[in-house]
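Please read the structure below before turning to the comments.
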Amino acid sequence: QVQLVESGGGLVQSGGSLRLSCAASGRTFSSYAMGWSRQAPGKEREFVATIDRRGGSTYYPNSVKGRFTISRDNAKNTVYLQMNSLKPEDTAVYYCGSGNVYSSRVRDYDYWGQGTQVTVSS
């Protein structure tokens with residue numbers, strides 16, 4: 001059974017940084033693309049980062065480009081999201097996902113974790 005467990009969320013002031021981690025188990029981690037998405041109360045799920053199987057390609061939407069960095073360690077079965085220059089509008093529950101396709105669409109990912117809360121105060 002595939003499991004994705006996020007950690008690293010919390011409360012941070014505007015302009016601060018957080019690093020999220022996602023530990024994966026249940027299938028060969030290096031065979032799948034990984035991604036991060038977020039959902040704020042009353043809003044639709046938004047994709048924020050994706051990385052291909054080997055870590056050679058990444059993609060970010062304009063809303064986070066230049067501030068967020070996704071990376072992965074295939075030896076540790078872990079994907080990370082480094083978030084810098086955080087803004088109050090980044091406040092959301094952040095989820096990591098695993099999928100067969102290197103994609104920026106939430107629906108292309110087979111599994112998602114339970115999420116970790118990120119709150120950015122102004």
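The values are calculated or read from the model by the stated rules, or taken from the named source; none is laboratory data. Since we're looking at a predicted model, the values are computed, not measured. Positions of Cβ are generated from backbone atoms using ideal geometry, with glycine treated the same way; all protein chains shown enter the neighbour counts. We work out accessible area using only protein heavy atoms, side chains counted, and drop any ligands, DNA or RNA first. Shrake-Rupley method; radii C 1.70, N 1.55, O 1.52, S 1.80 Å.
Among the residues of the stretch 31-43, is there at least one that is modelled with pLDDT under 95, open to solvent by less than 40 Å² (accessible area, probe 1.4 Å), of a type outside the set (S, T, N, Q) and in contact with a Lys or Arg (Cβ under 8 Å, 6 or more places away or on another chain)?
Within the stretch 31-43, not a single residue is modelled with pLDDT under 95, open to solvent by less than 40 Å² (accessible area, probe 1.4 Å), of a type outside the set (S, T, N, Q) and in contact with a Lys or Arg (Cβ under 8 Å, 6 or more places away or on another chain).
Please go through the stretch 90-122 and pick out each residue that is open to solvent by 80 Å² or more (accessible area, probe 1.4 Å) and either out of contact with any Phe, Trp or Tyr (no Cβ under 9 Å at 6 or more places or on another chain) or aromatic (Phe, Trp, Tyr) (or both).
If the condition is that a residue be open to solvent by 80 Å² or more (accessible area, probe 1.4 Å) and either out of contact with any Phe, Trp or Tyr (no Cβ under 9 Å at 6 or more places or on another chain) or aromatic (Phe, Trp, Tyr) (or both), then Tyr102, Arg107, Tyr111, Ser122 are the ones that fit.
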